[in-house]
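Student: Okay, here's the structure, questions in a sec.
The values are calculated or read from the model by the stated rules, or taken from the named source; none is laboratory data. Since we're looking at a predicted model, the values are computed, not measured. Cβ placement follows ideal geometry from the backbone for every residue including glycine, while neighbour counts extend to all protein chains displayed. Note: areas computed on protein heavy atoms with side chains; ligands, DNA, RNA excluded. Shrake-Rupley method; radii C 1.70, N 1.55, O 1.52, S 1.80 Å.
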Amino acid sequence: MTMFGTNNLTRNIVVAMILGAIIGLLLAESSAGWVNSFLIEGILTTGGDIFIRSLKMLVVPLVFLSLIEGVTSLSDLSQLGRVGGKTFGLYLCTTAIAISLALLCASLIQPGMGIELTSDANFQAKEAPSLASVITNIVPSNPIKAMVEGNMLQVIMFAILLGLGINLAGPKAAQVQSFVNQANVVIMNVLTMLMLLAPFGVFCLVTKIFATLGFSAILPLLKYFLVVVAALLLHMLGSYGILLKVLTRLPLRVFYKKVREIWLFAFSTASSNATIPVTMNIVENRLGVHNKVASFTVPLGATINMDGTAIMQGVATVFIAQAYNIPMTITDFLTVIATATLASIGTAGVPGVGLITLAMVLNQVGLPVEGIGLIIGIDRLLDMMRTAVNVTGDALVSCVVGKSEGAFSESIFRDESTPKTEINI
Ligand code: ASP
């Protein structure tokens, strides 16, 4: 029988990440065939895929069960409306702030000036969903299919309705309610077990990425890269810091210390969706947001709130306009803010999705979509960083909404001792 605490786990993941980066960079220098076929495409790809699949495995059951439990513990129906309204409004606001900040940074620093356009700048844009189809698609025609496909908005919708149904049934559905609550405990234990895999999984993912990244691609785009990173940092530390202070008066240091654990997973998986189980765990058990708020804000945020992605899109739009020497008007800037904010609603938090919505933004302001080909080579590294910002936004809004609804434990938030989430195996 062994016991493990999550603090050691966090330290092990950090060590795995650093080791992965170093070994990955060393492997990138090797030209031996077996390094690519056996190590990178073989062991590392398999290890990384198993890790991501094991996280994804829990997303639908966790969101489904946890949200039903959350809805059944709401005090009344109007609370659901309030939580929904505040969450949606805050997600839209933070994204609009993020992209405005990005447009400002890019306009001041001008990362695209003097770029030599290369002929390999090509990118085939996928069809972006229309707003009408996004709204229609929130309602599942077949909830089982929604779960099978991992369609998060549809799963959220169905879980809320079931939760309301259980509430209306009262004592007649007491057994269904306690089954859901117990199943939730079981799923959380499965998550804790799978976390044992995390250091190995993170090591495989990070090593593979650094071994295949091709840092030489960054040099010609260094200015673009740095502007995106600077805007991400400004938003993460500046905008979020101010919002948290003004709206909750909670200590920033504690918030950042605790969300660091989510960053590790967001960074290595580059997927807000795959990170949902970890985000939910930290937001509820370490930041102190009650399940009735977190079970709604976290999965919704992973799907519709992408501040980091919006930042990349803002900088990329200005970069591409400058590289093609196309001037942008104030109306173009406003169109970019509106389109990027709305575009993020219809796309799930998976790796690389930001480029698809970027195509939508570029189309809207008449900029060449093939310009995405200029930045695609270094997008994965930026994807990892912006996903960390995306999930931080979800955690922040969860705290703000939780606190404003009295669904927040300040003592859990302030408790910096070693987490007591231990499990016996
Ligand atoms: N990978 C990001 C996420 O999952 C989305 C993106 O920017 O491509 O949040």
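Student: Identify, by number, the condition in (1) modelled with pLDDT under 95; (2) away from the ligand (no atom under 14 Å from the Cβ); (3) closer than 28 Å to LEU362 by Cα; (4) open to solvent by less than 10 Å² (accessible area, probe 1.4 Å) that TYR240 doesn't meet.
Tutor: Unmet condition: (1).
Student: Is there any pair linking a residue in segment 107-118 that is at pLDDT below 80 to one that is open to solvent by less than 70 Å² (accessible area, probe 1.4 Å), with Cβ under 8 Å and at least six apart or on different chains, and which?
Tutor: ILE115/PHE319; ILE115/GLN322; ILE115/ALA323; ILE115/LEU374; LEU117/ALA323; LEU117/TYR324; LEU117/LEU374; THR118/LEU374
Student: For ARG380, work out the one condition from (1) open to solvent by 10 Å² or more (accessible area, probe 1.4 Å); (2) modelled with pLDDT under 85 it doesn't fulfil.
Tutor: Only one criterion in (1) open to solvent by 10 Å² or more (accessible area, probe 1.4 Å); (2) modelled with pLDDT under 85 is unmet by ARG380, namely (2).
Student: Being of a type in the set (A, V, I, L, M) and modelled with pLDDT of 90 or more narrows it down to one of LEU65, LEU55, LEU74, LEU25, so name that one. First the steps, then the outcome.
Tutor: Values: LEU55 fails: modelled with pLDDT of 90 or more; LEU74 fails: modelled with pLDDT of 90 or more; LEU25 fails: modelled with pLDDT of 90 or more.
Criteria check complete, one pass: LEU65.
Student: Then there's this: Counting only residues that are open to solvent by 90 Å² or more (accessible area, probe 1.4 Å) and within 21 Å of CYS93 (Cβ to Cβ), how many does segment 248-258 have?
Tutor: 1
Student: I would also like to ask the following. If ASN363 satisfies every condition in (1) open to solvent by less than 30 Å² (accessible area, probe 1.4 Å); (2) over 23 Å from TYR91 (Cα atoms); (3) within 25 Å of the chain's Cα centre (by Cα); (4) not small (Gly, Ala, Ser) but one, which is the exception?
Tutor: (1)
Student: Can you list the helices (runs of 4 or more DSSP H) lying wholly within segment 152-243 that have 1 or more residues being of a type in the set (S, T, N, Q)?
Tutor: 152-169, 174-194, 198-212
Student: CYS399 fails exactly one of the following numbered conditions: (1) in a helix (DSSP H, G or I); (2) at pLDDT below 90; (3) open to solvent by less than 10 Å² (accessible area, probe 1.4 Å). What is the number of that condition?
Tutor: (2)
Student: Suppose we filter MET360, MET306 for residues that are within 16 Å of the ligand (Cβ to nearest atom) and at pLDDT 90 or above; which single one remains? I'd like the intermediate steps shown before the answer.
Tutor: Details: MET360 fails: at pLDDT 90 or above.
Of MET360, MET306, the one residue that is within 16 Å of the ligand (Cβ to nearest atom) and at pLDDT 90 or above is MET306.
Student: Give the residues of segment 337-350 that are at pLDDT 85 or above, within 12 Å of the ligand (Cβ to nearest atom) and surrounded by fewer than 19 Cβ atoms within 10 Å (Cβ to Cβ), sorted by residue number.
Tutor: Scanning segment 337-350 gives no hits.
Student: Go through segment 56-84 and report how many residues are more than 23 Å from ASN151 (Cβ to Cβ) and among the charged types (D, E, K, R).
Tutor: 2
Student: What number of residues in segment 290-301 are farther than 11 Å from VAL63 by Cα and within 18 Å of the chain's Cα centre (by Cα)?
Tutor: Selection size over segment 290-301: 2.
Student: Between VAL293, VAL278, VAL259, which is within 21 Å of ALA230 (Cα to Cα) and among the hydrophobic types (A, V, I, L, M, F, W, C)?
Tutor: Sole residue among the options that is within 21 Å of ALA230 (Cα to Cα) and among the hydrophobic types (A, V, I, L, M, F, W, C): VAL259.
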